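Q: Once you've had a glance at the structure underneath, I'll fire off some questions.
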Amino acid sequence: MTSIANNVFGVVLAGGRSRRFGASKTLAEVGGLSLARRAITTLRDVGLSVGVISSEDGLESALGVPVRPDLEPGKGPLGGLLTALVWARERKQLGVFLLGCDMPFVTVQLIELLLSNMNGTVAVIPVGRAGPEPLCGFYHSSCRQRARELLDSQDRSMHGLLRLIEVKEVALVNESGINENDHLFFNVNTRVEAVEAEEILTRRGWK
């Protein structure tokens, strides 16, 4: 995994406005760690260098990692991915592993599985019971042009990008050996969901 880790930049996507949460989700704590810190720690445990995409003030000193705002604010996760890919190119890395900061149960094992499936593909995305999860996956730097084109169209969705590029889908239910539980891609969008995530962590004895 070391050679792969050297060529992939881990990027935590924390650029949303958190309207449903009522305040910044980035530094909201679940299980004693902020959502952003939990995502950073997971990526680092894989061996990746990590940066954060966010326009929130003070994050760099709070998190201890480089932080960049979106190149084109207000264009959602796809805009964040484009920013991450440009950043990776500046770092002379092959691409990025993108992780949404509001998925606290993504594991090192899952990320390692996805990275082990790169094999020259443009993107590697896990497929769970609810379908593809584009905010937890590898994107090669060659995705930049397609992402750029899509941002100028009516469809600025991550799923729209997946329809335009070569994607290796990794099924978690039957093929991967990972026992996908109901919470692997649990998404914290509200304070109620933050409390629920805390309860899940407590039940499982996770930190």
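Q: Of all DSSP beta bridges located in the chain, what percent are antiparallel, nearest 5?
A: Values: 11 of 29 bridges.
Given both bridge residues lie in the chain, the antiparallel proportion sits at roughly 40 percent.
Q: Here's a follow-up. Lys and Arg at +1, Asp and Glu at -1: add these up for the other residues within a Cβ distance under 10 Å of C101 and post the number.
A: +2
Q: Ranking request for peptides 80-89, 39-48: highest mean number of other beta-carbon atoms within 10 Å first, then the rest in descending order.
A: On the way: 80-89: 23.8, 39-48: 20.3.
My ranking of the peptides, most packed first, is 80-89, 39-48.
Q: Local charge sum around L43 (other residues, Cβ-Cβ under 12 Å, Lys/Arg +1, Asp/Glu -1)?
A: Values: positive: R37, R38, R44; negative: D45, E112.
Overall, the nearby charge balance is +1.
Q: To continue, here is another question. Which residue, L162, L184, V50, has the largest displacement toward the positive end of the dipole of the chain when charges sit on each Cβ (Lys, Arg +1; Asp, Glu -1)?
A: Of the listed residues, the answer is V50.
Q: Helix-only mean residue ellipticity at 222 nm, the chain, DSSP H runs n ≥ 4 weighted -39,500 (n - 2.57), per residue, nearest 500. What is it? Could the numbers behind the result be given before it?
A: Values: 8 runs with 73 residues, N = 207.
Result for the chain: -10000 deg cm²/dmol, rounded to the nearest 500.
Q: Still on this structure: What does the charge count around L78 come to, taking other residues whose C-beta lies under 12 Å from its C-beta (Lys +1, Arg +1, Asp -1, Glu -1)? Let's see the in-between values first.
A: Working: positive: K75, R144, R146, R148, R156; negative: D70, E72, E149, D152, D155.
Here the count lands on 0.
Q: With a point put 7 Å past each Cα toward its Cβ, work out how far E149 is from D45 in nm, to one decimal.
A: Output for this residue pair reads 3.9 nm.
Q: May I pose another question? At 0.36 nm per residue, and after removing the present C-alpha to C-alpha distance, how many nm does the segment from R91 to E166 gain when stretched out fully?
A: Values: separation 75, 0.36 × 75 = 27.00 nm, distance 2.34 nm.
Going from the current span to full extension adds 24.7 nm.
Q: Can you give the extra length, in nm with one decimal, that the chain gains between T121 and N6 once fully stretched, where that is 0.36 nm per residue apart less the Cα-Cα distance?
A: On the way: separation 115, 0.36 × 115 = 41.40 nm, distance 1.72 nm.
Full extension of this stretch gives 39.7 nm more.
Q: Now for a different question. Dipole of the chain, Cα-centred, from +1 at each Lys and Arg C-beta and -1 at each Asp and Glu C-beta, to the nearest 20 debye? Spell out each step's value before the answer.
A: Numbers: 23 positive and 23 negative charges, 61 e Å.
The dipole magnitude comes to about 300 debye.
Q: Along the charge dipole of the range 2-204, which of G64, A197, P132 sits closest to the positive end, that is, farthest toward it, with unit charges on the beta carbon of Lys, Arg, Asp and Glu (+1, +1, -1, -1)?
A: Of the listed residues, the answer is G64.
Q: Tell me, rounded to the nearest percent, the portion of alpha carbon pairs in the chain spaced more than 24 Å apart.
A: Details: 7784 of 21321 pairs.
Pairs farther apart than 24 Å: 37 percent.
Q: Another question, then. Please give every one of the aspartates and glutamates within straight-line cross-link reach of K92, meaning a C-alpha to C-alpha distance under 20 Å, and leave out same-chain neighbours fewer than 8 residues apart.
A: K92 reaches D70.
Values quoted throughout were computed directly from the atomic coordinates according to the rules given, and no laboratory measurement underlies them. Quick caveat, the model's predicted, so the values are computed rather than measured. When we count neighbours, we look across all protein chains shown, and the Cβ atoms used for this are built from the backbone with ideal geometry, even at glycine.
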